[in-house]
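Trainee: My questions will all concern the structure given below.
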Amino acid sequence: MYNELNINKYKTIRDAAGLVMRKSEKGDHPLAYTSKLVMYIQSQIAFKHLSLTNQQQKILKELQKRSQYVNLNYVYTSPLNDIKQFKQE
């Protein structure tokens, strides 16, 4: 959970979510990027020892559930915890 004092730790997650929304607006498959976003958020939580509210945990679980059967037969061009994977190409 973030507030004004520790928002910097959570900015990359917010920015990644915004980039995924832009990708789907431009016609890219939203579930493919949602799967990547879920994995990215989980990696950020683990690496940065972030905590989520109960509501945020429920949203993350719902996104994970909805995107769990997406075929991820593509190679990552950047590490799993790198926001560059969501940037415009």
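Trainee: For region 40-53, name all the residues that are within 18 Å of SER67 (Cα to Cα) and buried (at least 17 other Cβ atoms within 10 Å of the Cβ).
Mentor: TYR40, ILE41, listed by residue number.
Trainee: Moving to a separate point now. Looking for whichever is without any contact (Cβ under 8 Å) to a residue 12 or more places away in the chain and closer than 19 Å to ASP82 by Cβ here; the options are ARG14, ARG22. Which one fits?
Mentor: Answer to the selection: ARG14.
Trainee: Here's a follow-up. Could you tell me whether LYS87 is basic (Lys, Arg) and at pLDDT 80 or above?
Mentor: Judged against the criteria, LYS87 is not a match.
Trainee: Let me ask something else. Identify all residues within region 30-57 that are free of Cβ contacts under 8 Å to residues at least 40 places away in the same chain and either of a type in the set (S, T, N, Q) or more than 17 Å from ASN8 (Cβ to Cβ) (or both); write none if there are none. Explain how you work it out, then say what you get.
Mentor: Residues of region 30-57 free of Cβ contacts under 8 Å to residues at least 40 places away in the same chain: 30-31, 34-35, 38, 41-49, 54-55, 57.
Listed by number, the residues that qualify are PRO30, LEU31, THR34, SER35, VAL38, GLN42, SER43, GLN44, ALA46, ASN54, GLN55, GLN57.
Trainee: Tell me, which residue of region 1-39 that is over 18 Å from GLN64 (Cβ atoms) and among the hydrophobic types (A, V, I, L, M, F, W, C) is surrounded by the fewest Cβ atoms within 10 Å (Cβ to Cβ)?
Mentor: Per the stated criteria, the residue is LEU5.
Trainee: Looking at region 58-72, I want the residues that are closer than 14 Å to VAL20 by Cβ and have a partner that is hydrophobic (A, V, I, L, M, F, W, C) and in a loop (DSSP other than H, G, I, E, B) with Cβ atoms under 8 Å, at least 6 apart or on another chain. Which pairs are those?
Mentor: Hits for this filter: LEU60/LEU52.
The values are calculated or read from the model by the stated rules, or taken from the named source; none is laboratory data. Since the structure is predicted, the reported quantities are computational estimates derived from the model, not experimental observations. In this analysis, Cβ positions are derived from the backbone assuming ideal geometry, glycine residues included, and neighbour counts consider all displayed protein chains.
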